[in-house]
Amino acid sequence: MPELLLCELNVLQGSATSHLKDESGDVSLEKLLSGDMFLYARLLSSTSLNDERPYFSPQQLIQGMGRDGLKAMVRQAATQMSFGQTSPSRVRFLKQLYLQSVLTRTLSEQLALHVLPESNDKNYLIQQAAFCGLFLNIGALVLEQVYSKSYLEILAKSENTAELLNAERNEYGIDHAELGAQLLLSWGVERLCCDALQYHHLDISQILDATPMVKIAWLANQLADEAAHLEAPLWADALFDLKDVSLMETWESAQAALNHASQTLKVSYSTTRYLPLPTSDDVDVLNQEKTALKQLRKNAEADNLLALAREGLSNAGSQDELGQAMGSAARLLFGHGESLLFIYSEDADSLSCLTGTPSRNELNQIVIRCEPDRSVIADCFLGNSAILQSPSEQQAVIDKQILSLLGTDNFCCESLVNSHTDGPCGVLVLGIPLQQIDNYKKQTSLRYEFCLELGKKLAGKQEFLTAEGDVIAGYERRIRETIHEANNPLGIIKNYLQLLSIKQGEDTKIQSEISFMKSEIDRVSGILEKLKEKPEEPEEIEQSVSVNINSVVTSLLNMFSGSFAASESINIETSLDSDLPELTCNENAIRQIITNLVKNSAEAFEDGGTLLVKTAGNFYMNGNRYIQLIVKDNGPGIAASILDKLFASGDNVKSDAGISSSKINSSNISTSNISTPNISTKGGSHMGSGLSIVKNLVAELGGQISCQTTPAISTVESGNKSRKNSGTEITVLLPVSVSKQNTSLNTLTKNNNSADLS
Amino acid sequence: MTNNSKILLVDDEPGMLASSKALLETAEYEVVIAQGGKAAIEKLEQDEFDLVLLDMNMPEVNGHMVMEFINDKLIKVAVVVLSGDFDFNSVARAF
C-alpha cells in the first residue's frame, strides 16, 4: 500500500516522522516491518531462513539482508505500485486485510503473554504468536494477487466465513487458511506454527486440545471480529481459563495498535471485514488512494534518482570526476543549471571551488577564506546552515561574481558534513533561476539527502587520496608530528648545553666541545627536516661553499680523539696533503662522509687499533682531477661473504672476526664488481646504514667509493684470529670540479683489488 | 626590555619549559611558565607580562587560540611565536 511504502521509504531514508521512532528516539525499522505483512512477506520470500535468522525476528532478517538490500526491495515495490492500476474494492480489501493483520498480530502477542506459562522459551513463543497473528490471513492476500477480480467477487458474495471458505475450496481447490499454512511452510516456518494458520477457522470444539499456538491464533481471530465479543470470554475460559480482566487488557492494547494503523492508512477498520463499503465512500477511497500514490510516485522517483546520483558519486575517482558526477547528479535531482562544490581545506582554512561543468574550469580558481562576512558561502560553512542568496547591492563581490558565473538570479548554499568526522567539510552551491524558486522550496529534504551523499563522498575521498598517494595527507601529517616530537628533546638538550656553557665560563676547550655538540644537534634537526620534503619535489640544493677537506678532517678528528678514540684505545693518524685543492660543495655532506667512515672503522675494532685518515689531491681519471680521501684501519677486515652486501641500506652486516675465520687471504677476497655498495663493517650491535649514506652522498657529489679489505685469519692452535696484516681501506674519490659524473667504473685502475662500490 | 622583565613561557612539553626557564633565568628574567594554551590564558587573565614566548603546536588550546585571546582582549604584550611550521597560512594565522 502506498501509505505504508511511503513510511518505509522515509524510514530507510532516515527522515521518518516522529511516530515511527522508538523510545530511544531512533527510527525503528524493525517495528515498522514487523507490523507490515506485505513487506515482511516479501522479505521472507527472498531470504533463506535458518536458526541464526529466525523467521519471527525482523531485526535479524534485516541484518541478514542489509539495509541497502531492504531499501532496494522497498524501492522496487514502490515503483511497481506507483505504476500499477487499482480499483476501489481492491484498495478497500488490502487496507482491511492490513488492519486485520495488525489487529490479529497484537491480539496473538497479548494472548501469548497472558496464557503461556513462565519459561525460558516464553519470549520466543510470544514472538512466534505475533508472527502467526500477522500472517493469519495471508492466504487471502495470495488468492487476491492471483485471481484478483474473481476473488474479490467471491468475497463480496460470501455472507460469512464458512461460505467464504467453501467458495474458495470450490473455486480454487484450497481455502485461504490452508493456503496460508502452505506458504509459511514453503518459507521454512515450523509445522506447529503453520497449523495455527491452517486451523484458525475451525469450530472451537475441534481445537480444545490443540497446541497453544493454534488456540491463541484461533482466539485472536475471533476477538478481531467485534460481533464475536459477547461470546469471547466463554471461549477464552474454555481454551485458557482466561479471566475477563486480562481479556480486556488484551483487547485494549490491540485496539491501540489498530487505531495507530488506521491513522496511517486514513481508514477505519470494518468489523464486517470482507464486505464492500457503501458506494458513496468509493470516490473518497479512490481520491485518497490517488493522493497517496502520487506522493509515493514522487518519493520513489526521487529515491531512484538519489540512487543514480550515489552511484555516479561513488564511481568518481579523481577530483575532476567528482566535480562532474556532482554536476550531473545535481541536474538530475534538481533540474537547475550550474552547481558548484566548495571543498574545505583545513590547512589553508579556506574553501576551494570545484565546478560541476567541465567547460567551466575557470570557476576552479575561486578560493574563499573561512571568515565571517567575506562571502555568503563562508557564512554558510561557518554557520552550518542553508542560505538562499539573491542579488543585492551589499553582497560581497565574490558572491556577485558567482551569481554572474552561474548565470542565475539566485543561488543556494548548503553546508556539507563529513560523514566520518561529523565536522563541516564543504558547501554545495546550486544556481536557481527565478522561476524555480517555488520548486527549490519543495526540495529541502532531497537537497538534504544529496548533501549527506556528498558528505559521505568527501569523507571517502580523503581516504582514497591517502591510499593512492596523491596527497599522502595522513602520512605527511604523521611525519610532521614525528619531527615535531623529535625536535622537542633536541631543543631541550640544546637549552641545557647552553646552560652548561654559561656555567663553565671561559674554558676554551669545553666551550669548543659544547659548540660542536650544538652544531651536531642542529645537523640532526636538519636531517629530520629533510623528511618533510615530498618525494616528487626536487631536493633542495644545499648551499655550496668552498670546503677545505683537510680542515674538516682535522676538526672532526680532534673531537673523535677526545671521545670514543680515547676510551676505546684507538690511535688516529693522519696523512693530509697540504696541497689539497678546495672543493665547492655542501660542507655538511663532507662532514657526514668523514664522520661515518671514521666511526664505521672505529666501531669495527674489538680491542683497539690504528686508524689512518689520508687525503691526496693528485689523482686523475679520464682527464678529471679528484681528491682522494682514504680511511684505513687495521681492524678485522670484512669477510667476502658480507663484502658483496657492503653498503646495502640498513643491513645488519658488519665485519666480524668470527665470519672471517674462514681461511681467506688477501689475494682471493678482492672484489672487483660489487655493484650495490652497502654494508657496515662494524661490531655486532650496529645497523649498517652508515656506509649506504656515504655511498649516496658521494654519488651526489659526483664521486666514487671503493673498498679494499683483508680479513683476519684464525689460527688452528689457539682458535683466535690473527689480525696480522688484516684491515680495511675505503677510498673516496671526489671530483675537484663537483658535478654529477658518470665515470666508467673500469677506469678506476689504481688497485686491482679495489672493490668498485659506486 | 630590562633584565627584570617578566616573561610568560608557554609550551606543552615540561622539559622544554624547565630548560628554557633555567636558561632565561641565567639572564635574570622573571619567568612564569604555562604548560599548554589553557594555562597560558589563565596566567594572562591573572597577571601582566612584558613578553610571551608562545609555542604554536600544542594539543587542545593551541598557540593560535592563545593569540586570538590576546588580540580579542587587547592585551598589550609582545609575543614571540615559536613554531616549526613555516608555511604561509600557518604564519599568517599567527597574526
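The values are calculated or read from the model by the stated rules, or taken from the named source; none is laboratory data. Bear in mind that the values here come from a model prediction, so they are computed numbers and not experimental data. So basically every Cβ, Gly included, is an ideal-geometry build from the backbone, and we count neighbours across all protein chains shown.
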Okay, strands (runs of 3 or more DSSP E) sitting entirely in segment A:577-637 with 1 or more residues that are at positive phi, I get A:609-621
Determine whether segment A:370-386 contains at least one residue that is outside any loop (DSSP other than H, G, I, E, B), within 14 Å of another protein chain (Cβ to nearest Cβ), modelled with pLDDT of 80 or more and over 24 Å from A:Gln435 (Cβ atoms).
no
Among the residues of segment A:493-517, the number that are away from chain B (no Cβ under 13 Å) and either touching a residue at least 60 places away in the same chain (Cβ under 8 Å) or among the polar types (S, T, N, Q) (or both) is 4
Based on what the data block shows, is A:Ala181 in contact with a Gly (Cβ under 7 Å, 6 or more places away or on another chain) and either not in a loop (DSSP other than H, G, I, E, B) or not acidic (Asp, Glu) (or both)?
no
| task | Determine, yes or no, whether A:Tyr475 is more than 10 Å from chain B (Cβ to nearest Cβ) and among the aromatic types (Phe, Trp, Tyr). | result | yes
For this session: Confirm whether A:Arg523 is at pLDDT below 85 and within 14 Å of another protein chain (Cβ to nearest Cβ).
Result: no
Flagged in segment B:62-84 as hydrophobic (A, V, I, L, M, F, W, C) and either at pLDDT 85 or above or under 11 Å from the mean Cα position of the chain (by Cα) (or both), in numbering order, are B:Met65, B:Val66, B:Met67, B:Phe69, B:Ile70, B:Val77, B:Ala78, B:Val79, B:Val80, B:Val81, B:Leu82
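Residue-by-condition table, conditions (1) at pLDDT 65 or above; (2) outside any loop (DSSP other than H, G, I, E, B); (3) over 25 Å from A:His114 (Cα atoms):
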| position | (1), (2), (3) |
| --- | --- |
| A:Trp235 | yes, yes, no |
| A:Leu242 | yes, no, no |
| A:Glu249 | yes, yes, no |
| A:Ala256 | yes, yes, no |
| A:Gln263 | yes, yes, yes |
| A:Ser270 | no, no, yes |
Those residues of segment A:473-519 which are within 26 Å of B:Thr26 (Cβ to Cβ) and aromatic (Phe, Trp, Tyr) amount to A:Tyr496, A:Phe516
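Yes/no per residue for (1) touching a residue at least 60 places away in the same chain (Cβ under 8 Å); (2) surrounded by 15 or more Cβ atoms within 10 Å (Cβ to Cβ); (3) more than 28 Å from A:Arg480 (Cβ to Cβ):
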site: B:Ser5; (1), (2), (3): no, yes, yes
site: B:Leu9; (1), (2), (3): no, yes, no
site: B:Met16; (1), (2), (3): no, yes, no
site: B:Gln46; (1), (2), (3): no, no, yes
site: B:Gly63; (1), (2), (3): no, yes, no
site: B:Lys76; (1), (2), (3): no, no, yes
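If you check B:Glu25 against the conditions, is it more than 12 Å from chain A (Cβ to nearest Cβ) and acidic (Asp, Glu)? Steps first, answer last, please.
Values: more than 12 Å from chain A (Cβ to nearest Cβ): no; acidic (Asp, Glu): yes.
Judged against the criteria, B:Glu25 is not a match.
Taking helices (runs of 4 or more DSSP H) that do not extend beyond segment A:80-172, which have at least 2 residues that are more than 30 Å from A:Ala236 (Cβ to Cβ)?
Details: elements: A:88-115, A:122-134, A:138-147, A:149-157, A:161-172.
Hits in segment A:80-172: A:88-115, A:138-147, A:149-157, A:161-172.
Run down A:Leu185, A:Leu141, A:Leu192, A:Leu134 and say which single residue is within 45 Å of the chain's Cα centre (by Cα) and free of Cβ contacts under 8 Å to residues at least 24 places away in the same chain.
On the way: A:Leu141 fails: free of Cβ contacts under 8 Å to residues at least 24 places away in the same chain; A:Leu192 fails: within 45 Å of the chain's Cα centre (by Cα); A:Leu134 fails: free of Cβ contacts under 8 Å to residues at least 24 places away in the same chain.
The conditions single out A:Leu185.
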Output for Cβ contacts, cut-off 7 Å, separation at least six or different chains, first residue charged (D, E, K, R) and surrounded by fewer than 17 Cβ atoms within 10 Å (Cβ to Cβ) in segment A:332-354, second in a strand (DSSP E or B) and at pLDDT 85 or above, reads A:Asp349/A:Arg369
